[in-house]
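The values are calculated or read from the model by the stated rules, or taken from the named source; none is laboratory data. Model, not experiment: these values are computed from the prediction. With ideal geometry, Cβ positions are generated from the backbone for all residues, glycine too; neighbour counts draw on all protein chains shown.
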Amino acid sequence: MEKLYKIVFTDYYFPNISKEVDQLKKLGKVEIIDCNDLIRGEVASEDQLLEHLQKYKAMDADAVLVNHAMITSKFISQLTNCQVILRYGIGVDNIDVKAAQEKGIKVANIPDYCIEEVAENAITLMLATVRKIFLQNKLLRNNQFNYEQIKPIRRFSELTVGLLAFGNIARTVAQRLKSFKVKIITYDPYFHQKNLFDWVEFVALDELYQRSDILSIHAPLTSETYHLINQETVKKMKPGVVFINTSRGGLVDEDALYKGLKSGKIAGAGLDVLDYKDENDYSKSKLMELANVFITPHTSWYSEEAIYDLQLKAGRIVYQELLKQKIE
């Protein structure tokens, strides 16, 4: 009898999942359990997901594809036949990886997802914050512009850009910054191919804080990196630093950042993420009060091409894991 593969989609933001399904159908007989519309406009809870899987007799699902849903140890413990849990994206902080590993379930991601988009957005925020583009625009629209209100502005090529962590996105940032002729320094104890980046200086963490005119953080969010930027690290930063975060909001203690911006220790910040649970209501963040902060609603990942690649690769990875062969 031909095997029936059961594939669960917990949540996604695309119009449909046809690209993934087209890949998965190559397995043979496939049943799709789509939980995306369980709660309209919201991500289903673990209990709602489990109830849905029980209703459709899918506790023996072979694979789970997840975007923002919390894949907890409770959820994982109920799965009887799962081989792979795939996260739509790079970070897997919404999945209890340890619980999955203990049950022999592989946790997969899309490691090269939206690298170009996030890198370019980080550089855009650097330039816009250093040049005070958004403040200038606001003053001009209110008929209040004068040069005194935007001083000082530094020449970009004279600045030192510090990259906290040197993963795929940070390396792409470094590649694109070469043409701006800035000094690039980085700290990453896990990166060892330093000879491939002879225009980048690898320094100790405290030196990174002390020398960076622009500090851009690109670390993953883990228990070790939670609030990596805090009151103590802000004290170590160069006066007048510009701070950029396109990674994870939880990397930054928002109170410490706010105080640094209010005091002038941090000259400005360009943020695509906040340490705030409701990304649809950033208005409650006190950082929104500050004129020297520009915030985008976690959209640095976005381009139509990035979404297309994400869906296609998600389907391929799950296919490969279940069939243990590559698609030619």
Looking at region 222-259 only, could you name the residues that are of a type in the set (Ser, Thr, Tyr), under 12 Å from Ala269 (Cα atoms) and not in a helix (DSSP H, G or I)? Thr246
(1) part of a loop (DSSP other than H, G, I, E, B); (2) within 21 Å of Phe294 (Cα to Cα); (3) not β-branched (Val, Ile, Thr): which one isn't true of Leu135, the others all being true? (1)
Residue pairs qualifying under the 9 Å Cβ cut-off, at least six apart or on distinct chains, with the first in region 191-215 being at positive phi and in a helix (DSSP H, G or I) and the second being modelled with pLDDT of 95 or more and not β-branched (Val, Ile, Thr), are none
Looking at region 147-165, which of its residues are surrounded by 11 or more Cβ atoms within 10 Å (Cβ to Cβ) and part of a helix (DSSP H, G or I)? Gln149, Ile150, Phe156
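Does Gln144 qualify as being over 20 Å from Gln311 (Cβ atoms) and part of a loop (DSSP other than H, G, I, E, B)?
Working: over 20 Å from Gln311 (Cβ atoms): yes; part of a loop (DSSP other than H, G, I, E, B): yes.
Yes.
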If I go through region 223-247 residue by residue, how many of them are surrounded by 15 or more Cβ atoms within 10 Å (Cβ to Cβ) and either modelled with pLDDT under 95 or out of contact with any helix residue (DSSP H, G or I) (no Cβ under 9 Å at 6 or more places or on another chain) (or both)? 0
Checking the conditions here, which among Asp60, Asp93, Asp47 is in contact (Cβ under 8 Å) with a residue 12 or more places away in the chain, more than 22 Å from the chain's Cα centre (by Cα) and surrounded by fewer than 19 Cβ atoms within 10 Å (Cβ to Cβ)? Asp60
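I need the full set of residues from region 119-161 which are more than 22 Å from Val182 (Cβ to Cβ) and either in contact with a helix residue (DSSP H, G or I) (Cβ under 6 Å, 6 or more places away or on another chain) or free of Cβ contacts under 8 Å to residues at least 24 places away in the same chain (or both), in order please.
Asn137, Leu139, Leu140, Arg141, Asn142, Asn143, Gln144, Phe145, Asn146, Tyr147, Glu148, Gln149
To keep it simple, each residue is scored yes or no on (1) under 16 Å from Ala269 (Cα atoms); (2) modelled with pLDDT under 95; (3) over 24 Å from the mean Cα position of the chain (by Cα).
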| position | (1), (2), (3) |
| --- | --- |
| Phe134 | yes, yes, no |
| Leu140 | no, yes, yes |
| Gln144 | no, yes, yes |
| Ser157 | no, no, yes |
| Val173 | no, no, no |
| Phe202 | no, no, no |
| Pro220 | no, yes, no |
Every residue in region 39-53 that is at pLDDT below 90 and among the hydrophobic types (A, V, I, L, M, F, W, C), please. Ile39, Val43, Ala44
Do we find a residue being closer than 25 Å to Leu159 by Cβ and in contact with a helix residue (DSSP H, G or I) (Cβ under 9 Å, 6 or more places away or on another chain) anywhere in region 300-319? yes
Keeping to region 282-328, report how many residues are among the small types (Gly, Ala, Ser), at pLDDT 95 or above and in a loop (DSSP other than H, G, I, E, B). 2
Mind checking whether some residue in region 63-76 is over 25 Å from Trp301 (Cα atoms) and at pLDDT below 95? no
Residue among Ile185, Ile217 that is of a type in the set (Val, Ile, Thr) and either within 25 Å of Pro297 (Cβ to Cβ) or buried (at least 23 other Cβ atoms within 10 Å of the Cβ) (or both): Ile217
Some residue of region 100-107 being at pLDDT 95 or above, among the polar types (S, T, N, Q) and loosely packed, with under 15 Cβ neighbours inside 10 Å: yes
Here is a list of conditions, (1) touching a Ser or Thr at 6+ places or on another chain (Cβ under 8 Å); (2) among the polar types (S, T, N, Q); (3) modelled with pLDDT of 95 or more, and Asn36 meets all of them except one; can you say which number that is? (3)
So Ala267 passes all but one of these: (1) crowded, with 19+ Cβ neighbours inside 10 Å; (2) farther than 24 Å from Thr299 by Cα; (3) more than 23 Å from the chain's Cα centre (by Cα). Which condition number does it fail? (2)
